[in-house]
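Below is one structure, written out as structure tokens, with a few remarks after it.
What follows is calculated from the coordinates using simple rules that are stated; it is not laboratory data. What you see is a predicted model; the values in this text were computed from it and never measured. Positions of Cβ are generated from backbone atoms using ideal geometry, with glycine treated the same way; all protein chains shown enter the neighbour counts.
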Amino acid sequence: MPQQPAGDLTLRDVVLKRGYLGLLLIATLVGIPVSLAAFGFVSLEHELQHWVWESLPEAVGFDRAPWWWPLPALLLAGLLLAPVVTRLPGRGGHVPVDGLGGPPTPPRALPGVVLAALACLPLGAVLGPEAPLMALGGGLALLAVGSTRRAARPQLVPVLGAAGSAAAISTIFGSPLVAAVMLIEAAGLGGPHLVALILPCLLASGVGALVFTGFGHWTGLSIGALSLPSVPPMGIPDAGDFLWGVPLAALVAVVCVSGQLIGRRVKVFTTGSATGEPALTAGRTALRTVLCAVAVGACITAFALLTGRSPEEAALSGQATLGALAADPQSWSIGALVALTLCKAAGWGIALGSLRGGPIFPAVLIGAAVGVACGALPGLGTAPGLAAGLAASGAAVTRLPVTSTVLAAALLGGDASNAMPLLIVATSTAFLTGELIRARASDRDDGRGRSPRPAAARRTG
């Protein structure tokens, strides 16, 4: 019988291939220690965050963090991060404006990734935990199988890296399904190869969710999931929701992609290079990293001064503020929502190009703030505005429309079925708007003689 060409592999050929069932078992077993490590990291990060922004202000006599609190906090973050990005292997992980994709993190870079995240996230960097967790999960998964086995079977590296990442972030997006869909869509695979990746990711994310949830109940510690405990009731969208939803989604994309473009320029400022490798000396990179951290603190301080609200609402990843906003949108004035959008977007853009963390969590809050603010428009309403903002922000930032729709649906919970048509329209609009803005920015940069973005750049950037 003639041999089948390698490019014509069927689903049966991939799934029943020798060693694939063993790979599934490895992915499942690796999910347990990876999830435990990720749970410990998230719990420690949240305890430090609570101490910096709540316990410490109370200990020195304040009811809440004062308006100036972000300035020394972010200065300390920059001072702690600078030696990590200039001296340790891996430079603390990739710069968050580059997205979430790329090859798995090598195990030797894991200490730097953890230290960089713990230096930035609890002290108020406007970034999320998803990128460090994915790096931690992928690196630990590779470490678990050993360098000898990785060298003998190089095909294990991308699959186990993806499975480890899925296990590590299995619950922080509110559902293990979101993590699996994100990694699969980002991989850009199809046919049998898609199934070969999806099963390890689903198994690892399912095990990770079980470990996260179980340890969360047992210890009482927070797992830091991006969730909405309460949302405004959402009915079936009408014509007004769609007529307003399209420009709303486009506006969210403009704000979010503008933040990312700021991040790209800040990355050049801090590293001296538009590509991955720093071109400046370590001393100048360290100094500029500290300056950028202080600039993030200034953006957060500006929000507190403009609104009289706690600076904590504009700092950090935005999980707590998102939940509070969705539960009680009437407690926010239009002016406060505009200030939150502008100040957080500016701080997020600076942090994207200079600090360490994930790009998605703050963007979701920015989209929600724009959506709730636009909910006052005649014919829209708070609930559809919030739904459209959630979906649009994810699509604009990650450039993964299916993942963004699933994430928004997971956040809305029981109202997701009613909101689904609006979510799809908002996701599609934001995705296309974001691509148009990036294309024009790229053409403008090329016209000024700057090198275009490398073809191998991460999709979620």
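What to note about this one:
- Subtracting the Cα-Cα distance of LEU21 and LEU79 from their residue separation scaled by 0.36 nm leaves 16.2 nm.
- Using 0.36 nm per residue and subtracting the Cα-Cα separation, the extra length available between LEU291 and LEU29 on full extension is 90.0 nm.
- Radius of gyration (Cα atoms) of the range 239-447, expressed as a multiple of 2.2 N^0.38 Å: 1.03.
- Length gained on full extension, PHE242 to LEU36, computed as 0.36 nm times the residue gap minus the Cα-Cα distance: 69.9 nm.
- SER230-VAL338 pseudo-label distance in nm [points 7 Å out on the Cα-to-Cβ vector]: 2.8 nm
- Label zone at ALA59 (point 7 Å along Cα-to-Cβ), backbone N below 19 Å, the range 288-313: 312
- Remark on the range 44-139: Rg and Dmax equal 14.5, 47 Å (Cα only).
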